[in-house]
Amino acid sequence: ALAAFMARDDDDDDANKGEPLPLAKLEGVDATGYTNRLESIQHEVQKDKAMNKQRAAERDAANGNHGKKNRMSAKTATSIVDSLKELYKTKVRPVEEALKFGSFYSPLLTDGDFEGKPNVLLLGQYSTGKTTFIKHLLGRDYPGSNIGPEPTTDRFVVVMHGHENRTTPGQTLAVQSDKPYTGLTAFGSSFLSKFEASQCDAKILEEVSIVDTPGVLSGEKQRIDRGYSFVNVCEWFASRSDVILLLFDPHKLDISDEFKAVISSLRGHDDKVRVVLNKADQVSAQQLMRVYGALMWSLGKVFMTPEVCKVYVGSFNDKPPVTTNNVLGEELFMKEHEALKKDLLDIPQRSCDRKVNEFVKRVRAALTHARIVTHLKKQMPAMMGHESKQKKLLGRIEEEFTKCVHEYTIARGDLPNPKRFRDIMKDMEIWKFPKIDKKAMKALEEVLTVDIPAVMKKFD
């Protein structure tokens, strides 16, 4: 009957072509019964559509999606980095700007922070071979490099790829929005005058950039004022680096107070840290074994963790290792060289994961900061006595942090350093911070629970 209904009458003219055959022409079919059956089928189809729509809404609610506006559109999410950039601009940055988060954590992110090449940060006391190590990796000197037994590198130098040999002053570099160094303006002209970029044509620089640093001071030299916070600058670069190499000399295993402060600032970036025991060919096999043990003992006291950092032992310069003191060391040094080289060549493959990881850490810190500020602001008086109340709150900031843990279910590991938080907040006025509405706070939470998992799943 259905086939007959959809059939065309061969005798119909072209004007009637394409129209269904009237029910009166269906032979052997009860027109009334057929109509009822057709209406019943249509009713069942509409019922199934409504049921499917309801089930889809329930799935979205279970996954935390309460509407299309919380999802990342295909046009926006062209890649993981572009997706993170869009999430930051639309949901995270407005909260950071309102609550001055950049003063507590790190300066606000720019496009260059998302799109920059992977970084390798070198840290160590003077004359441990940092600049020579870079020369070993590049296979050549970079513009402006100077090597000697005394402290020769007196500035932070970003060694990057370029077809022409040239150097760019820090003041110029810090105002280029396409470079990931605009945040360094927070450290002032005294630092920017000691910062520069060096460009040269080396194959490894096509994939990564290398940051050479001044030697960490020791002894009486630690009391010399550099004109900027060396520890804070190292912390800034560490948060934006993919690998952090700590270089040691077998004859300089003592960790000065400044170096200890630098290593302490690396907490939270333990997975990036590698230790390089350089100039290992200058000692015998027995001495090398003792030096290695002493180094592990010293680092264990500074890092305050039971885990041991990955250590590479060798002589990383442009000359073959000297084996007169250690005949068995040649094979060891060769394997260590290959292992370190492989570790560095794997950096570009891990760069995207590192950016996602750092972004998640920043969002968690921003969310915790927003909750703490909201908690403190709620306790401020309505009319008078703001200054005295703020002083009392900051005086017992550890207790207030504990209240936030119970009120907002914050993990204690996400809480900021109470002393640093107090020192920064005492120069601000809590009662003047804007109120963050529930909608903005919920959007910030959904970045962690909904948006980032959706982005990773889409590009998995």
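Quick check: at a probe of 1.4 Å, how many percent of the accessible area of segment 118-326 sits on carbon and sulfur atoms? The nonpolar share, carbon plus sulfur, comes to 50 percent. Working from label points 7 Å from Cα in the Cα-to-Cβ sense, the Val308 to His406 distance is 4.3 nm. Take 441-450, 369-378 and order them by the average number of nearby Cβ atoms within 10 Å per residue, most first; the result is 369-378, 441-450.
Judged by the ratio a/c of the largest to the smallest principal axis of the C-alpha gyration tensor, segment 159-215 counts as prolate, that ratio being 1.5 or greater while a/b is larger than b/c. A straight line joining the Cα centroids of segment 284-349 and segment 353-422 runs 41 Å. Calculated accessible area for segment 311-420 comes out at 57 Å² per residue, all protein chains present (probe 1.4 Å; ligands, DNA, RNA ignored). Only protein heavy atoms count here; on that basis, with a 1.4 Å probe, Arg396 has an accessible area of about 70 Å². If all Cα-Cα distances of segment 118-326 are sorted into 5 Å bins from 0 onward, what percent lands in each bin, rounded to whole numbers? Per 5 Å bin, starting at 0, the Cα pair percentages come out as 1, 7, 15, 20, 21, 17, 11, 6, 2, 1, 0.
Take Tyr105: with every protein chain present and a 1.4 Å probe, its accessible area is about 90 Å². Residues in segment 309-317 carry Karplus couplings, in order, of 5, 6, 10, 10, 10, x, 10, 9, 8 Hz; the curve used is 6.51 cos²θ - 1.76 cosθ + 1.60 with θ = phi - 60°, and Gly or Pro positions show x. Share of pairwise Cα-Cα distances greater than 12 Å in segment 293-343 is 69 percent (whole percent). Computed log10 I(q)/I(0) for segment 251-319 at 0.14, 0.18, 0.20, 0.23 Å⁻¹: -0.46, -0.75, -0.90, -1.12, from the Debye equation with unit scatterers placed on every C-alpha and solvent omitted. A DSSP coil position with no more than 15 other Cβ atoms inside 10 Å describes the following GluC sites (Glu not before Pro) in segment 198-293: Glu207. Rolled with a 1.4 Å probe across the full set of protein chains, the surface gives Met456 an accessible area near 70 Å².
The values are calculated or read from the model by the stated rules, or taken from the named source; none is laboratory data. The model shown is predicted, which means the values in this text are computed figures rather than measured ones. Please note: Cβ atoms are built from the backbone with ideal geometry, for glycine as well, and neighbour counts cover all protein chains shown. Accessible surface areas use protein heavy atoms only, side chains included; no ligands, DNA or RNA. Shrake-Rupley method; radii C 1.70, N 1.55, O 1.52, S 1.80 Å.
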